[in-house]
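Notes follow once the structure below has been shown.
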Amino acid sequence: MVIKGLVEEDLIQYKEPSMFIIMPHCSFKCDKEFGTQICQNSSLVKAKNIDVSIEEIINRYVNNPITKAIVFGGLEPLDDLQDVVDFIKEFRKISNDKIVIYTGYTEEELKFRIAFLSRYKNIIVKFGRYIPNQKSHYDNVLGVNLASDNQYAKELNWEELTHD
């Protein structure tokens, strides 16, 4: 799995201590929509890619008594959907801990990807592009402040889909 970085104990992205996996790709939809460079994470493009196995990441998580969740962020995790899904499949073999995915996509743009991700238990998605100069607001699902009014998080309802 190719990533830009790994923070083994992150206390910023989610209300519980988390392992933060920084993903390597993005279409820079926020910049394109706004008409100028606004991305808070654009410097990550210059960071060296790291090739690490899913098994190694999971092993590091499992052997850390502090972390209680996995968070995908960085550039755009859902531009690397297959890697995220491959990780979730392996992780679910050993843990039902929360997995949080920070995305700049809207819920509508992700309709089909969300249906696919809803097959898995305990998945939270933070939706919405970054818009500069907005007042931050507290998100109850994540338990943290988000930078733009249009951003919000939802826990996917996997049970509802498994009974259809």
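Each reported figure results from applying straightforward, stated rules to the coordinates on display, with no laboratory input. These numbers come from a predicted model, not from an experiment. We place every Cβ from the backbone using ideal geometry, glycine too, and count neighbours over all the protein chains shown.
Net charge dipole, segment 1-129: roughly 260 debye, given to the nearest 20, about the Cα centre with Cβ charges of +1 for Lys and Arg and -1 for Asp and Glu.
Its Kirkwood hydrodynamic radius, worked out from the mean inverse distance over all distinct Cα pairs, puts the chain at 16.2 Å.
For the chain, the relative contact order works out to 22 percent when only alpha carbon pairs closer than 8 Å and six or more residues apart are counted.
In this structure, the pairs whose alpha-carbon distance is over 18 Å, taken from 4/154; 126/154; 46/98; 93/154; 4/48; 29/135, are 4/154; 46/98; 93/154; 29/135. What's the local net charge at residue 95, with K and R +1, D and E -1, over the other residues with C-beta under 11 Å away? Around residue 95, the surrounding residues sum to +3.
Counting neighbouring beta carbons within 10 Å and listing from fewest to most, the residues 129, 119 come out as 119, 129.
Our helix-only sum for the chain, with -39,500 (n - 2.57) per DSSP H run of n ≥ 4 divided by its residues, gives a mean residue ellipticity at 222 nm of -6000 deg cm²/dmol. Which shape class applies to segment 1-66: rounded if a/c is under 1.5, otherwise prolate when a/b exceeds b/c and oblate if not, where a ≥ b ≥ c are the square roots of the Cα gyration tensor eigenvalues? Judged from the Cα gyration tensor, segment 1-66 comes out oblate (a/c at least 1.5, b/c at or above a/b). Here is the list for segment 1-98: trypsin sites (Lys or Arg not before Pro) lying in DSSP coil, each with at most 14 other C-beta atoms within 10 angstrom of its C-beta, are 48, 93.
Looking at segment 83-153, the GluC sites (Glu not before Pro) that sit in a DSSP loop and have at most 16 other Cβ atoms within 10 Å of their own Cβ are 107, 108, 109.
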